[in-house]
Amino acid sequence: MEKYSLLRRAFLKKSALTCTGLMVGLAYEPKCSLAAKVENLEHLGIWIRITPDGKTTFIIPSSEMGQGVNTSLSMILADEMEADWQMIKTETAPVNSDYINPESNSGQITAGSSSVKGFWGPLRKAGAAVKLMLRQAAAQRWRIPVEECSARSGHIYRKNSSQKLSYGEIAEAAGKLDIPFDPPLKKSKDYNLIGRSVKRIDIPSKTNGSAQFGIDVRLPEMTYATICQSPVFGGEVMSYDEAAANKIRGVKKVVIIPNGIAVIADNTWRAKQGMEALNVKFNGGETKGLESKQIKDEFIKALDAEGKTNTEAFNVLDLEYEVPYLSQAALEPMNCTANITENSCEVWVPTQFQEACMDVAKEISELNEEQIKIYTTYIGGGFGRRAETDFVKQSLILSKELGKPVKVTWMREEDIQQGFYRPASMSRFQIGLNKDGFPVSWNNQLASPSILKRFFAPMAWFNVDPLSTEGADEIPYAIDDFNLDYTEVDSGVPVGFWHSVGSSFNAFFIESAIDESAHLAGHDPLLYRLKLLKGKARFQKVLNKVAEKSQWGRELPKGHGLGICLHKTRGSIAGAAIEVSTVNDLLKLHKAWIAIDCGKVINPNTIRAQMEGGFTFGLSATLGEKITIKDGRVEQSNFHDYPILRLKGAPDISVEIIESGEEIGGVGEVAVPLASPALANAIFSSSGKRIRSLPMSNHGIKIA
Amino acid sequence: MRLIIMPLLKINGTTHQLDVEDEMPLLWVLRDELGMTGTKFGCGIGQCGACTVHLNGEAVRSCILPVFSAQGKEIITIEGIGENNPVQKAWIEEQVPQCGYCISGQIMATSALLSKNLKPSESEIENKISNICRCGNYVRLRKAIRLSAKLIQKQGG
Ligand code: FES
Ligand code: FES
């Protein structure tokens, strides 16, 4: 059943962009849509625009944050419509319900590895429709049947003739035709872009400084602000020295914002100087006096209340695991530029969540949707943090206050201390093993803050949060008696989306626990897993590929260890192995191998990049990242005490892509959760030391 | 408030007369005063390398470099290393950037390193190219540094 259909007419229009030619909009029915939408031009999401000179613009409904989405979605469109790849340009979509990902249930958002997965269907259809219209237009021009017109590389060719027409030449005529309802799609064997390693469209501009990130926005009369929020979460400004700030050259205004204060100046550094002079003091706050130790005690209390399951088996493995809060720490600090006038509101923002930006723009500007424009810039790293709108709201408040465009730029210290963190969590297992060492019962208790209750309070009342339990609720191993209990624990520290969300910790817990079971029984961890994956061909294949590439079972040099793991998330299955060596507590990461089955493959280049980057991101967290709370506030503040893995220490990673032909899966996150268990299992293999809490640096383990 | 000098800065071959405080970091002079936004702000404390520029051919972190100490020196930014620079080419060839935010810094650090030594050892590379890439592009970064050296050699020879 199709979730979408080509509903609207193509139209020819001299648009505000003064282009003529063909513009095709596509609308699909979002899953739960009840009302039919008004069909007017402004509401038509424009996906494809061909101008008479043949330039073809694709409107990309997702934010480009390094995952290569501008390229992969363009490939789908260009392949189906047989466009000339050299003529393609991309633009990020404005806010419009037509750009909502069919996979999304929270509106226009780029999250959950869903862009290619969700748009694969609709975009193919849009591309195919445009191609058919262009062929039809050529057929009319030549007065021949459409079957005699074929499309290739931006041209329509006439059968048995040397005549051809470029897409630009017939775009206008094509624009007068109806959009075909059900255009024929290409067979996969005929793809000329899909499945090939295509170089990313946005990369050249990212090597010469010309790519515009949110932080690079410059407008006439723009002012520069920075903010400081209560380090104790939820606290309020108590006192500040406005006169001292005003003495700093360039400082224009000091403005109170929710839970904090802003200094507006004519330059970011001067705003920062003003902030220092301001000497702001805070009081109150929900986490006042809180210590990390108390949070841990709360977890333990919750787990004790859940209780351990009495397990009767030949042998019982009783385990406890723990992970800390983490910061996304995207390299581009949080920023947003807003310009509110009496009857218009414009926002330039590196955001993953356009719809939420629109909502806060409406709230602060008190204007309506037609008067508001949200421009999505390139994003210098999202990882979930840019699905929040705290920084957007601040720029709107300040622009409204000043009546001028204001760019808010956070200092790194704000970013680290004012997060929506990956929740800290604890997990216990009682695993019953039979006399052969295989699990017959699996009892897992998880205590973790709820990410979703901020959006849907009843989650917490009933102790459910599918994001906290993801990865733990469905394990691939065949175990008859499977139980998972979850208890929500709220310490007041804000939590949110962090690259791969619940999988980021549950994969560590589960893949370590299964490794422990294997070792306890004296089994090889690979063969043990394979046996428990009986009948699960896709999982087995992934694991076997990892084993093959890492030459699992080979004799390792002294002090070396190899760890393996497996995880499924967002419709993709991935496995990893990593080879490490340890001398005392000095760790060296030699090489990692990843295999992924994401069903269908669009661009192997970007899939590989996501595997390499995601795994490296996961390694960084595993090795040394943690957010801890002291006296109600985050102890860390910048990269000196929130260490990110650098080139020194980062292993080479080889990636194998398995195209199973199954339903397309997301690739943006699945490599992240692999890192912790692969590394912990490898360290066990090399040293016999089992790491059950992260980061590794807590155990004295350091990169050599 | 002290306002004595009006720094004269030579950036990418052009001289700029500026009316700024002498302790303003070069980073903010470039970005906010001159609108040269290719040089990025990541941490402000010399940790991440996103703000790397060349000062008399040396890679420096401009977020902690007061503008007065850049006076009279040759400043080169990402905008000034020329189109078709072999290091940029290597970055495109190896498809290094993910979000791309760290890339100006990586390219500036690499070109400074290679301008002195086309055959740096692995440990020299790891120590000199200490830039943070949050997206984790290090697998390709390593390859691109090697390829850059090759391309420079080819160009020179
Ligand atoms: S911004 Fe200069 S080193 Fe990070
Ligand atoms: S590519 Fe995103 S920080 Fe390096």
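The values are calculated or read from the model by the stated rules, or taken from the named source; none is laboratory data. Just so it is clear, the model here is predicted, and its values are computed rather than measured. Using ideal geometry, Cβ is built from the backbone for each residue, glycine included, and neighbour counts are taken over all protein chains shown. In case anyone asks, the SASA skips ligands and DNA or RNA and just uses the protein heavy atoms, side chains included. Shrake-Rupley method; radii C 1.70, N 1.55, O 1.52, S 1.80 Å.
Of note:
- Principal axis box of chain B, alpha-carbon based, largest edge first, Å: 48, 34, 25
- Between segment A:184-220 and segment A:368-441, the Cα center-to-center distance that results, in Å: 24 Å
- Computed over chain A: relative contact order in percent, which uses C-alpha pairs under 8 Å that are six or more apart: 13 percent
- Sparsely packed chymotrypsin sites (Phe, Trp or Tyr not before Pro) within segment A:455-517, loop by DSSP, other Cβ within 10 Å at most 13: A:F455, A:F456, A:F462
- A/B buried area, accessible surface, summed, 1.4 Å probe, Å²: 5000 Å²
- Translational diffusion of segment A:139-228, µm² s⁻¹ [Kirkwood Rh, Cα pairs; Stokes-Einstein; 4 °C; 1.567 mPa s]: 71 µm²/s
- Length added when fully stretched, A:W85-A:A244, from 0.36 nm per residue minus Cα-Cα: 51.5 nm
- Protein-protein interface of segment B:121-156, residues with accessible area decrease of at least 30 Å², isolated chain reference, 1.4 Å probe: B:E126, B:I132, B:R134, B:C135, B:G136, B:Y138, B:V139, B:R140, B:R142
- What a 1.4 Å probe finds exposed on the protein assembly as shown is 50% carbon and sulfur by accessible area, rounded to a whole percent.
- Positions from segment A:240-271 whose accessible area shrinks by 40 Å² or more when the full protein complex is built, not the chain alone, probe 1.4 Å: A:R249, A:N267, A:W269, A:R270
- Rotationally averaged projected area of the protein assembly as shown (alpha carbon convex hull; nm²): 38.1 nm²
- The DSSP beta bridges internal to chain A are antiparallel in roughly 70% of cases.
- Of all DSSP-defined beta bridges confined to segment A:535-652, some 90% are antiparallel rather than parallel.
- Rolled with a 1.4 Å probe across the full set of protein chains, the surface gives A:D182 an accessible area near 110 Å².
- Checking every one of the trypsin sites (Lys or Arg not before Pro) in segment A:138-205 against DSSP loop status and a limit of 16 other Cβ atoms within 10 Å picks out A:R143, A:K159, A:K176, A:K187, A:R196, A:K199.
- Set of lysines near A:K187 by C-alpha distance (under 16 Å), chain-local residues within fewer than 8 positions excluded: A:K125, A:K131, A:K600
- The protein assembly as shown, accessible area per residue, ligands and nucleic acids excluded (1.4 Å, Å²): 38 Å²
- Probe 1.4 Å - accessible area at A:R646, Å² to nearest ten: 50 Å²
- Over chain A: helical MRE at 222 nm, DSSP H runs n ≥ 4 each giving -39500 (n - 2.57), nearest 500: -8500 deg cm²/dmol
- Averaging the sequence gap over all C-alpha pairs within less than 8 Å and six or more residues apart, then dividing by the number of residues, gives segment B:12-157 a relative contact order of 26 percent.
- Each Cα pair under 8 Å and six or more residues apart adds its separation to the average, and for segment B:4-80 the resulting relative contact order is 37 percent.
- GluC sites (Glu not before Pro) within segment A:315-364, DSSP loop, no more than 13 other Cβ atoms inside 10 Å: A:E342
- q = 0.13, 0.17, 0.26 Å⁻¹: log10 I(q)/I(0) that the Debye formula gives for segment A:348-437, counting C-alpha atoms only: -0.53, -0.79, -1.46
- When both bridge partners sit in segment A:425-703, DSSP labels roughly 65% of those beta bridges antiparallel.
- 30 Å tail of the calculated P(r), segment A:425-703, as % of Cα pairs: 28 percent
- A loss of 30 Å² or more of accessible area (1.4 Å probe, protein heavy atoms, ligands and nucleic acids excluded) relative to the isolated chain is seen in these residues of segment A:370-389: A:F383.
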